[in-house]
Amino acid sequence: MKIFENFENVYGANHYDRQRVMVTKAEGCWLTDIEGKRYLDCLAAYSAVNQGHNHPYIKKYVMDTLDSNKGSVVSNVVYNELSGEFLRKLSLMVPILSPNIPSYTNKVLLKNGGTESVETAIKAMRHFGWQKGIPDGKQEIIVFDNNFHGRMITIVSFSSSEKYREGFGPTTPGFIRVRYSDLSAVERSINKYTCGILVEPMQGEGGMQIPKEGFLRGLRKIATENELMLVFDEIQVGLGRTGKMFAFEHEGVVPDGLILGKAISGGLIPMSAFITDDITMNSIFTPGKDGSTYGGYPLACAAGIAALTVIEEENLPQKSAEQGAKLLDTLKIMTKDLDCVKEVRGKGLFIGIEVKDGKAMEYCNKLLDQGVFTNDSHGHTIRISPPLIINDQELHFLTSALRRVLI
């Protein structure tokens, strides 16, 4: 391992505090290191592999696409059958984002990674505000404390994490940050320049936070009454992770815009999407207003077609709901009287164990020794988010390891 580790340290940017494991193989819910030790993956690349690592159907679909010479990037000024098929599949999977006008169609703008699609959503909200009369350059978007939407300059400008912003100024104006899950704070922040609300329906990097019941419904009401564009960032919590296909379905609402990524292509090829109704999309992103060389290129779309097929045909949202309920119940019983645990919370297989001493990474390192790979969230919470295909035997392996580390 030493020589490869040295290559990483010498030739790569040290922008991650890496755990000392050299992974050489990933399959299903398991990672294998260079020495042959196996680890149960309970991070799932922050939900990028909801379908499991190297899912055979997705892998074969991608390989067949390459073998047929259909996967190469081509200019976005021509049509492509794989792109069209994927766009249709994703558009129809998402609830209509203009439910009061059933004839509307969802439209999708594809990019390479989640951060790009968040930036696209910000452009859409600002343009929406400009169209309704806000002077260009004055538009404001309401965001939330402990958010995580990526690390590009505009996005870190409204992060509440100082380390994401420090030294990268000047920061981008136009954002009002309020307390998460606080509807009254949202209402107080609205003014004549407000054009939209950007929110994670559940916060992953912010500490595996589940908002108060009614928060999303309240945001929907506020946005509608004030003519604001409501956008949900479901890059980490969408596509089955929380026990529903989309996290917003837990409250029976739909946003005006939706951001997806990670599991959208099964962990094999980077891809993300911004989705809104056709009237909004067509009025904002006219030819020349946006573009991406690799955004939605054929091979990525092939992975996307297969990834969404697996989610649907294997009913992964339901599996997440069932396995997540079992795991959450077990963890709550296990930790009920433990001095080190403050709270266990979650939906589906999106679960956090908050520890009282705020040193969650120390527990994660101990879990690694037990053959379980996970990470901390916001410093104080152990993140438990395995692939949605995790079985009962693997759940038992996980809970046994947690019992040894926590008790």
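The values are calculated or read from the model by the stated rules, or taken from the named source; none is laboratory data. Source: prediction; values computed, not measured. Quick reminder, even Gly has a Cβ in these numbers, built from the backbone with ideal geometry, and neighbours come from all protein chains shown.
Against the test of being at positive phi and not acidic (D, E), the options G174, G169 yield a single qualifying residue, G174.
Scan the range 105-116 and tell me whether some residue there is without any contact (Cβ under 8 Å) to a residue 12 or more places away in the chain and more than 16 Å from S283 (Cβ to Cβ). No, the conditions are met nowhere in the range 105-116.
Note on the range 3-32: residues that are modelled with pLDDT of 95 or more and out of contact with any His (no Cβ under 7 Å at 6 or more places or on another chain) total 5. Taking the range 184-208 as the range and being buried (at least 21 other Cβ atoms within 10 Å of the Cβ) and not in a loop (DSSP other than H, G, I, E, B) as the test, the residues that pass are V186, T194, C195, G196, I197, L198, V199, Q203.
In this structure, N191 does not satisfy being under 24 Å from the mean Cα position of the chain (by Cα) and not hydrophobic (A, V, I, L, M, F, W, C). Take N106 and decide whether it is more than 17 Å from the chain's Cα centre (by Cα), over 26 Å from I142 (Cα atoms) and in the same structural domain as L239 (by TED's automatic domain parsing). When the stated conditions are applied, N106 does not pass them. Answer with yes or no whether K342 is free of Cβ contacts under 8 Å to residues at least 60 places away in the same chain and farther than 30 Å from G113 by Cα. Taking the combined requirement at face value, the residue satisfies it.
Residue under question is S181, and the condition is that it be touching a Phe, Trp or Tyr at 6+ places or on another chain (Cβ under 8 Å), closer than 15 Å to F248 by Cα, assigned to a loop (DSSP other than H, G, I, E, B) and hydroxyl-bearing (S, T, Y); does it hold? So S181 fits the description; yes. Residue count for the range 40-86 under the criterion of being outside any helix (DSSP H, G or I) and over 23 Å from the mean Cα position of the chain (by Cα): the result is 13. Taking the listed residues G358, G348, G352, G324, the one that is surrounded by 22 or more Cβ atoms within 10 Å (Cβ to Cβ) and either at pLDDT below 95 or at positive phi (or both) is G348, with no other qualifying.
Those strands (runs of 3 or more DSSP E) of the range 297-407 that lie entirely within it include none in which at least 3 residues are assigned by TED's automatic domain parsing to the domain that holds L92.
Would you mind stating whether T120 is buried (at least 17 other Cβ atoms within 10 Å of the Cβ), within 28 Å of G296 (Cβ to Cβ), β-branched (V, I, T) and in contact (Cβ under 8 Å) with a residue 60 or more places away in the chain?
Numbers: buried (at least 17 other Cβ atoms within 10 Å of the Cβ): yes; within 28 Å of G296 (Cβ to Cβ): yes; β-branched (V, I, T): yes; in contact (Cβ under 8 Å) with a residue 60 or more places away in the chain: yes.
In short, yes.
One line per residue, one yes/no per condition, for (1) over 22 Å from G113 (Cα atoms); (2) of a type in the set (F, W, Y); (3) assigned to a loop (DSSP other than H, G, I, E, B); (4) modelled with pLDDT of 95 or more:
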| residue | (1), (2), (3), (4) |
| --- | --- |
| K212 | yes, no, yes, yes |
| R217 | yes, no, no, yes |
| K221 | yes, no, no, yes |
| V237 | no, no, yes, yes |
| V253 | yes, no, yes, yes |
| G267 | no, no, yes, yes |
| F274 | no, yes, no, yes |
